[in-house]
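Notes follow the structure.
The values are calculated or read from the model by the stated rules, or taken from the named source; none is laboratory data. Here the structure is a predicted model, which means the values were calculated and not measured. When we count neighbours, we look across all protein chains shown, and the Cβ atoms used for this are built from the backbone with ideal geometry, even at glycine.
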Amino acid sequence: MNEQPANPYVRLKELLELKRAGRLTFEQSRELLSLHERASADLSLTSGADAAEQASLKALVAESFNEVYGSLPFYRRPPLEFLRVFYNKTPRVLYRYRLYFWLILLVTLASMAGGTLAVIAGDDYTPKLIFGTELVESFQSTVESDGSWALAADIPAQARPAAGAEIMFRNISIALVSFIVGILLAYLTLTIIFYNGYLLGYIAALYVYTGVLAGNMELGWYFIAGVAPHGVLEIPAILLAATAGLAVGASWMFPGRRMRKAALTETAREVFLLVGAAALLLVVSGIIEAFITPLGGGIVVDRMFSTLDERMQIYIGKIVFSVLLLAAFVQWLAGGWAEARRDDLASREKG
């Protein structure tokens, strides 16, 4: 257990500053609550103390009460402060539950590799066992006879708002299911992640490998450009929701020294930010899928009236956009993780 400083009021002020900056860790939040309660108890015993000292302590208790219990009037908070707090705290929460995130990511990559290898090895048995014969044959026939070349690029302009709403609803539903089943049984979350990862790897390999065998490399570019713009946010969003579900499920099954209910409530309160981040990413992903992914679709579809160079410009443009978007997302997470790691090291040194 960390030792508290000789002057707990100084430490309380430090923690209040960290909270306002959105840099408070979970352990520090518990310490803040403990020091606030201690300062409140001290205030009730200072009836005979110096008036200036009593006034200073009273102001500190009032200040910490506002931060701990959120009674600070809304009009005194900076505009859109919740976005700043959300932006700063979400990577820190993910860092705290990073082992669950790495497990989810590992299952995703392994299942994608499995789906890819099934196509390369000509294995029809395993995909049919996972998806069913009818669905697998539908995938294969679609790729082999895709004469429309309209993958995620044939949404009419007038239908894009409605399509965007439908896409958002579908994606958020998948993320919520990944989270909710984690609360019930954590291993069901891993099952869903495995299924989706295998599906993505299988379909991607069908397009790319079929194109290689047919001597038509454009088929692979066509698939990547049709999926990557929205997929670089859609997939991480589902991973975040699954991480939250796995963390909550694990807290229920392995509460440690805490009561199960307390462990579940405490963890759910923390990982709620991850679910919120997943929902926000899926909204942005849905907008991209409805309005940005279809750009240039007319040129891609009307292959009789367009050249390969014209189509490649569209493919490469979308892929560059996807890479930049993914880089921004990774930089956001990496920056938050680096700050969380520094705070952890500082706390250990003080302890």
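Taking helices (runs of 4 or more DSSP H) that do not extend beyond region 252-351, which have at least 3 residues that are at pLDDT 85 or above?
Filter on region 252-351 gives 260-291, 308-350.
Do you know which residues across region 84-109 are in contact with a Phe, Trp or Tyr (Cβ under 7 Å, 6 or more places away or on another chain) and aliphatic (A, V, I, L, M)?
Result: L94, V107.
State yes or no: is R269 surrounded by fewer than 17 Cβ atoms within 10 Å (Cβ to Cβ) and under 19 Å from the mean Cα position of the chain (by Cα)?
yes
Pick from L295, L246: which is assigned by TED's automatic domain parsing to the domain that holds W221, out of contact with any Gly (no Cβ under 7 Å at 6 or more places or on another chain) and touching a residue at least 12 places away in the same chain (Cβ under 8 Å)?
The match here is L295.
Looking at region 264-287, I want the residues that are in contact (Cβ under 8 Å) with a residue 24 or more places away in the chain and have a partner that is among the hydroxyl-bearing types (S, T, Y) and surrounded by fewer than 24 Cβ atoms within 10 Å (Cβ to Cβ) with Cβ atoms under 7 Å, at least 6 apart or on another chain. Which pairs are those?
Correct list of pairs: V271/Y97; L273/T90; L274/T90; A277/T90.
Which of the residues spanning region 186-232 are buried (at least 21 other Cβ atoms within 10 Å of the Cβ), among the hydroxyl-bearing types (S, T, Y) and farther than 19 Å from D309 by Cα?
Scanning region 186-232 gives T189, Y198, Y202, Y207.
What is the number of the single condition among (1) part of a helix (DSSP H, G or I); (2) within 23 Å of the chain's Cα centre (by Cα) that Y222 does not meet?
Every listed condition holds for Y222 apart from (2).
Scan region 82-125 for residues that are under 20 Å from I192 (Cα atoms) and not in a helix (DSSP H, G or I) and report the count.
1
Yes or no: region 6-26 includes at least one residue that is acidic (D, E), under 39 Å from the mean Cα position of the chain (by Cα) and modelled with pLDDT under 80.
The answer is no; no qualifying residue exists.
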